[in-house]
Amino acid sequence: MAAQETEIKSSASIIPCFLFVELVLMAGTVILSYHFEYTDTFPVHSQGFFCYDSTLSKPYPGPESTSRPPPRLLYPLITVLPVLTILLGEVSAVFINPRWRTKEKIISCGDCCFFNPLLRRVVRILGLFSFGLFCTVIFAGAVQTVTGNQAPHFLSVCRPNYTALGCMSHLQYVSSPYACTGDPELITEARKAFPSKPAALGAYAAVYTTMYVTLVLKIKGSRLVKPSLCLALLSPSWLLCLLRVAEYRNHWRDVLAGTVVGSAIAVFLVTCVLNNFGSSTPEEKELQQKEEDEVPIPENLHPPAREKLSVVQDCGTPSSNVT
């Protein structure tokens with residue numbers, strides 16, 4: 001049977017929409033995330049504390065660069081690993097899945113611009129992944145700025161003068177914004193604990209990639225390859241959360257909130273925007289399953305063997321009405 005030719009669909013709005021809508025939104029999220037991450041455009045809320053609060057008196061673990069998962073390792077892992085996984089999955093689908101060309105269409109914009117289906121799909125998936133990363137940074141940074149919740153080592157960098165503050169008991173609350181005498185930069189960073197931004201980014205990347213592996217990749221012959229791959233993708237995110245708590249950089253509730261934020265953004269983008277990466281509908285999956293189950297019966301089998309094989313194929317299928 002001859003292969004079906006790939007259809008060409010004409011669209012005059014794909015380039016203007018990409019240039020004047022999608023790029024503008026992406027640029028806006030990048031600029032806003034930059035202001036939350038590297039500038040003091042949005043001042044952090046100065047939340048008070050209780051005198052001698054043991055939950056905020058943990059030792060200072062040092063700057064982020066001295067962490068066990070340092071930023072130079074964490075952020076490339078969050079970005080490079082999902083990108084490589086998606087690229088490998090999309091390129092493999094072109095060669096493995098013979099029906100791929102019937103699902104995606106070449107889009108022409110005018111007489112000279114033709115957009116390859118593989119390129120369009122990769123740009124759509126990776127572009128939305130990048131957009132979600134910046135949205136995660138913005139959302140986590142906004143919540144940190146509004147709440148101003150302190151890290152477990154807050155009092156170690158704050159260095160309050162309890163005598164001048166008149167602290168007589170553990171129940172006394174200090175609300176003065178000038179109670180701290182330590183380094184202002186360290187104090188500001190210690191007020192950005194809830195939710196944990198590294199935990200949110202790690203959860204977003206892990207859940208997005210795991211959903212891609214679960215919904216798109218087709219691995220035949222083994223039921224353990226796909227779950228094992230998903231667990232391998234989720235494990236670094238869990239390990240990151242444990243290390244953030246163990247190093248006194250975040251409370252357990254901070255990493256839990258960050259994980260919920262990142263996972264929710266990933267699930268929303270995949271299900272509501274990407275429509276589960278354009279995976280097959282239930283009818284298409286049922287048709288594919290039927291075709292996979294239809295094993296031809298060899299002609300050289302003996303009659304008893306042919307009868308047994310026919311019974312195995314018909315097992316579980318509804319019987320036809322007999323007139």
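Here ALA193 fulfils each of the conditions (1) surrounded by fewer than 23 Cβ atoms within 10 Å (Cβ to Cβ); (2) in contact (Cβ under 8 Å) with a residue 40 or more places away in the chain apart from (1). Residue count for segment 23-79, restricted to those that are under 30 Å from LEU126 (Cβ atoms) and in contact with a strand residue (DSSP E or B) (Cβ under 8 Å, 6 or more places away or on another chain): 0.
The number of residues in segment 169-190 that are touching a Pro at 6+ places or on another chain (Cβ under 8 Å) and either surrounded by fewer than 16 Cβ atoms within 10 Å (Cβ to Cβ) or closer than 22 Å to THR259 by Cβ (or both) comes to 1. When segment 17-31 is filtered for residues that are in contact (Cβ under 8 Å) with a residue 24 or more places away in the chain and either in contact with a Gly (Cβ under 7 Å, 6 or more places away or on another chain) or β-branched (Val, Ile, Thr) (or both), the ones remaining, listed by number, are THR29, VAL30.
What do you reckon, is SER57 within 23 Å of ARG191 (Cβ to Cβ) and either modelled with pLDDT of 85 or more or exposed (fewer than 14 other Cβ atoms within 10 Å of the Cβ) (or both)? Yes.
For LYS220, the criteria (1) of a type outside the set (Ser, Thr, Tyr); (2) in a helix (DSSP H, G or I); (3) modelled with pLDDT under 90 hold in every case but one, which is (2). Residues of segment 170-190 include at least one that is polar (S, T, N, Q) and modelled with pLDDT of 90 or more.
If only one of TYR212, TYR248 is in contact (Cβ under 8 Å) with a residue 40 or more places away in the chain and not in a helix (DSSP H, G or I), which one is it? Unique residue meeting the criteria: TYR248. Where helices (runs of 4 or more DSSP H) sit wholly within segment 117-182, those with at least 3 residues that are not hydroxyl-bearing (Ser, Thr, Tyr) occupy 117-147, 154-158.
Does ALA232 satisfy being under 19 Å from SER130 (Cα atoms) and either part of a helix (DSSP H, G or I) or among the hydrophobic types (A, V, I, L, M, F, W, C) (or both)? So ALA232 fails the test.
Scanning segment 81-103 for residues that are hydroxyl-bearing (Ser, Thr, Tyr) and modelled with pLDDT of 85 or more turns up just one, THR85. Considering each residue of segment 28-37 in turn, at least one proves to be among the hydrophobic types (A, V, I, L, M, F, W, C) and either within 28 Å of SER156 (Cα to Cα) or assigned to a loop (DSSP other than H, G, I, E, B) (or both). The listed residues are GLY110, GLY166, GLY141, and the only one of them that is small (Gly, Ala, Ser) and either surrounded by 13 or more Cβ atoms within 10 Å (Cβ to Cβ) or modelled with pLDDT of 90 or more (or both) turns out to be GLY141. Of the numbered conditions (1) among the aliphatic types (A, V, I, L, M); (2) touching a Lys or Arg at 6+ places or on another chain (Cβ under 9 Å); (3) more than 30 Å from ARG124 (Cα to Cα), ALA199 fails exactly one; give the number of that condition. Of everything listed in (1) among the aliphatic types (A, V, I, L, M); (2) touching a Lys or Arg at 6+ places or on another chain (Cβ under 9 Å); (3) more than 30 Å from ARG124 (Cα to Cα), ALA199 misses just condition (3).
Quick one: which of ASN275, ASN300, ASN250 is at pLDDT 75 or above and either surrounded by fewer than 13 Cβ atoms within 10 Å (Cβ to Cβ) or touching a Cys at 6+ places or on another chain (Cβ under 7 Å) (or both)?
ASN275
The values are calculated or read from the model by the stated rules, or taken from the named source; none is laboratory data. On a predicted model such as this, the values are computed, not experimentally measured, just so you know. FYI the Cβ positions are ideal-geometry reconstructions off the backbone, even for glycines, and counts take in every protein chain you see.
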